[in-house]
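The values are calculated or read from the model by the stated rules, or taken from the named source; none is laboratory data. No experiment lies behind these values; they were computed from the predicted model shown. Every residue, glycine as well, gets a Cβ built from its backbone with ideal geometry; the counts of neighbours run over all protein chains shown.
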Amino acid sequence: MNSSSSHLVTAKISATIVKVLNFYHDSEVMVKASLFKALLVSSLIGLGGCASYDQFRYVTEEFEIPSKVFNADYPQTWQAVLQIMARYDLELKNQEAGVIKTRWIDNTLEVNFADSFGGNDAVKAARFKLIINVVKGFRGDGEVSKVTIFKRQLVEQDFLQGWKVKPTDGILEQSLLYRVERLLSIDKKLKKIEKEKAKELEASF
């Protein structure tokens, strides 16, 4: 990986770090935030080359942030993610930085329905937003892309307590990653069919 690519990946990781740390503003998870910050600061010291991708992979796996590596180049993966996210109201989509962010989405009914099975009290309101990060990397001689999805879920029990962070169950994030994988798989098969047809046409002349 050349110097410019290294700086770009490092910038993407730094941007992602800021977004992840913002998730941990609630008092219940401040300890995790401190540990996370310490790990990331130490990890970024001396960051360079393809090691930056390895560091990013380690961080997302260590903190169980839903992510998946796809055997597809960055442009293909980015377009697949955009297509999957077309149904959401997007606040930001920056291909150079590899970041897609939705606006706040109300999901009060869904949260209350899920909590009813666990005996939890109904919430007054609930909302979430998604932040998706796409990072270019390499596996052997081939290019791969890693997609990481952060879901920030907030709930409000009453006006006095205000909004509180609620841990995500990861279902939405995993379903989105699965849909990206399916889309990339279908696209790969279609390109293979087109290539075979092109060869058949050449052979017929």
(message) If I filter region 127-165 down to residues being of a type in the set (Gly, Ala, Ser) and either surrounded by fewer than 16 Cβ atoms within 10 Å (Cβ to Cβ) or at pLDDT 95 or above (or both), which single residue comes out as farthest from ALA72 (Cα to Cα)?
(response) GLY162
(request) Check SER145 against each of (1) of a type in the set (Gly, Ala, Ser); (2) assigned to a loop (DSSP other than H, G, I, E, B); (3) within 21 Å of the chain's Cα centre (by Cα) and name the one condition it does not meet. (result) (2)
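Out of all the residues in region 81-89, is one or more farther than 19 Å from PRO167 by Cα and without any contact (Cβ under 8 Å) to a residue 12 or more places away in the chain?
Just the residues of region 81-89 that are farther than 19 Å from PRO167 by Cα, to begin with: 81-89.
Subsequent filtering for residues that are without any contact (Cβ under 8 Å) to a residue 12 or more places away in the chain retains 86-87.
Looking for residues that are farther than 19 Å from PRO167 by Cα and without any contact (Cβ under 8 Å) to a residue 12 or more places away in the chain, one finds at least one in region 81-89, hence yes.
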(request) Take SER185 and decide whether it is closer than 24 Å to GLN83 by Cα, surrounded by 19 or more Cβ atoms within 10 Å (Cβ to Cβ) and of a type in the set (Ser, Thr, Tyr). (result) no
(request) Within region 167-205, work out how many residues are hydroxyl-bearing (Ser, Thr, Tyr), at pLDDT 90 or above and either touching a Ser or Thr at 6+ places or on another chain (Cβ under 8 Å) or farther than 17 Å from LYS129 by Cβ (or both). (result) 2
(message) If I go through region 153-205 residue by residue, how many of them are free of Cβ contacts under 8 Å to residues at least 60 places away in the same chain, of a type outside the set (A, V, I, L, M) and either more than 20 Å from SER67 (Cβ to Cβ) or in a loop (DSSP other than H, G, I, E, B) (or both)?
(response) 23
(request) Name every residue in region 67-114 that is surrounded by 13 or more Cβ atoms within 10 Å (Cβ to Cβ) and basic (Lys, Arg), in order of residue number. (result) LYS68, LYS93, LYS101
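Out of region 115-126, which residues are among the acidic types (Asp, Glu) and buried (at least 16 other Cβ atoms within 10 Å of the Cβ)? Give the derivation first.
Of region 115-126, the ones among the acidic types (Asp, Glu) are 115, 121.
ASP115 - this is the single residue of region 115-126 that is among the acidic types (Asp, Glu) and buried (at least 16 other Cβ atoms within 10 Å of the Cβ).
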